[in-house]
Amino acid sequence: MTPLFQVKELTKFYGNRIGCKDVSFDLYPGEVMGIVGESGSGKSTLLNCMAGHLTPDAGEVLFDTRADGMRDTVSMSEPERRMLGRTDWAFVHQHARDGLRMGVSAGGNVGERLMAVGARHYGDIREQAIDWLGRVEINAERVDDRPSAFSGGMQQRLQIARNLVTGPRLVFMDEPTGGLDVSVQARLLDLLRGLVREMGLSAIIVTHDLAVVRLLADRLMVMKDGHVVETGLTDQVLDDPQHGYTQLLVSSVLQV
Amino acid sequence: MSDYNFAYLDEQTKRMIRRAILKGLAVPGYQVPFASREMPMPYGWGTGGVQVSASVLTPEDTMKVIDQGADDTTNAVSIRKFFEKTAGVATSEETSKADVIQTRHRIPEEDLREDQILVYQVPIPEPLRFLEPRETETRKMHALEEYGLMHVKLYEDISKNGAISTSYAYPVKVEGRYVMDPSPIPKFDNPKLEMAAVQLFGAGREQRIYALPPYTKVVSLDFEDYPFEASKADHACDLCGSETSYLDEVIVDDAGGRMFVCSDTDFCRSRRAAGHVGAQGVPYEEDVA
């Protein structure tokens, strides 16, 4: 089986400071990878480098494109990369406001990606938008409401619908449950898990919340000061942490 | 005349603007940045159009200026006077006699010829502006032909109003490449953008010039199930009886009285001179203002 996504020795510096250094891993189709670490450990830098929002200083980010097989997305031309970003890739931001157009209705938000890849039939676009709102548990009546009239959890679900409507194969998520209260978090995680399994998505989830990766991720990567300190199956890393930092991280989780 | 250089601008400025115009004509629909000058009128009064007109005028030209189709409104009268004074060119209110026509928000009803130039005054040249406020991003979107967002606006129109309610400044795609704002002309005029005359667009405050060479393909954006419609008031002109021209609605009293008249005053006048009379019209007399 060939990997869907490969990262090779990805490095990003901010001046003299390390953003992330020598990160390598393979991601196979249908696999969910979690990246955990404390604030400032380089996880968001890594995610943004992989998703093409930041240009890495060294390393390769390979993606198994539909047309030409494995391609390095760093050296790819910008139009190609942006095309990838609105077809086979999706990016879920921590703050829904960053990923949504707040002045455009929910239906328009979901339809934007469809129109960006050439959909020009209003009825079809609207039908798909309503279908996707249903799949993320937003009432179809709210299709013409603006996201600013939605609760935080709904905004986040809307952002997910907007990203998944073109049937991407790889989803980047940056703290998808950050800033949501626990019951809303639980519902969102449930929904995400269902969608990931149902659509056979591959995903890379950056979070500092170990419960999130426990639920969603197959594999885990622990980062500290820009370096990957431990990788392995999620349960293995969380139940039997080897590296000192991972042990600290696991033992720091508050118990109710 | 000795007080001014011909047509107000100095020759270097006119060369700079002509270069921008040529580039605009070479890449139809592309917004060419230019060093817009201060003009002796406020931004929003047509500073861009005036600079473009000044750069293409020659002393032998006849100039016509219209504002929303009319030759006799403040904007049209003052710009016409401006060129009479600074360029000493002949002016006319007749579309067919003009070589350069500067317009604000209308295309004349009469078909233009290949030897004519139509200059538009443009307030906001960027069609994506109200959807994407960042200039860096809109430039990238033009460069990479990412125009999905334009349809999001039309989608919003339909979802709110059941039809594409954008009725002016209706976005068009030029030669299958650039999406362009045709300036705030009514969408009734959009089909006329494919014409024989050269069309130049000047935005003074925004410092952009763009252009359409003659017979350039211009397609109004739409959806397959909500096609573009060049709409106008469903009425005939009350003065000249024309059923095909674009109409203004004029309130005539405080008891609900109204009349529809051609927005193109020259078109209306010439029809009345030819003997056409509308529902509320009176027979045409040459000396009646």
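Here are the numbers for the structure shown:
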item	result
Test: residue in the stretch A:157-169 that is aliphatic (A, V, I, L, M) and more than 16 Å from the chain's Cα centre (by Cα)	no
Residue in the stretch A:125-132 that is away from chain B (no Cβ under 14 Å) and not hydrophobic (A, V, I, L, M, F, W, C) present	yes
B:ALA143, sole failed condition from (1) crowded, with 18+ Cβ neighbours inside 10 Å; (2) under 29 Å from B:ILE164 (Cβ atoms); (3) among the small types (Gly, Ala, Ser)	(1)
Residue satisfying condition, being aromatic (Phe, Trp, Tyr) and closer than 29 Å to B:PRO227 by Cα, within set A:TRP89, A:TRP132	A:TRP132
Flag for B:GLU145 being among the acidic types (Asp, Glu) and at the interface with chain A (Cβ under 10 Å from one of its Cβ atoms)	yes
Residue that is nearest to B:LYS173 (Cα to Cα), among those in the stretch B:149-160 that are free of Cβ contacts under 8 Å to residues at least 12 places away in the same chain and surrounded by fewer than 20 Cβ atoms within 10 Å (Cβ to Cβ)	B:ASP157
Hits in the stretch A:44-62 (condition: crowded, with 24+ Cβ neighbours inside 10 Å and out of contact with any Cys (no Cβ under 6 Å at 6 or more places or on another chain))	A:CYS49, A:MET50
Residue under evaluation A:VAL104, criteria (1) within 14 Å of chain B (Cβ to nearest Cβ); (2) assigned to a helix (DSSP H, G or I); (3) buried (at least 17 other Cβ atoms within 10 Å of the Cβ), criterion not met	(2)
From B:GLU194, B:GLU175, residue being touching a residue at least 60 places away in the same chain (Cβ under 8 Å), surrounded by fewer than 19 Cβ atoms within 10 Å (Cβ to Cβ) and of a type in the set (Asp, Glu)	B:GLU175
Any helices (runs of 4 or more DSSP H) falling wholly within the stretch A:152-256 and containing at least 3 residues that are modelled with pLDDT of 90 or more	A:152-164, A:234-239, A:244-251
All positions within the stretch A:111-124 that are touching an Asp or Glu at 6+ places or on another chain (Cβ under 9 Å) and more than 7 Å from chain B (Cβ to nearest Cβ)	A:LEU114, A:ASP124
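The values are calculated or read from the model by the stated rules, or taken from the named source; none is laboratory data. All values derive from a computational prediction rather than experimental measurement. Note that each Cβ is placed from the backbone with ideal geometry, even for glycine, and that neighbours are counted across all protein chains shown.
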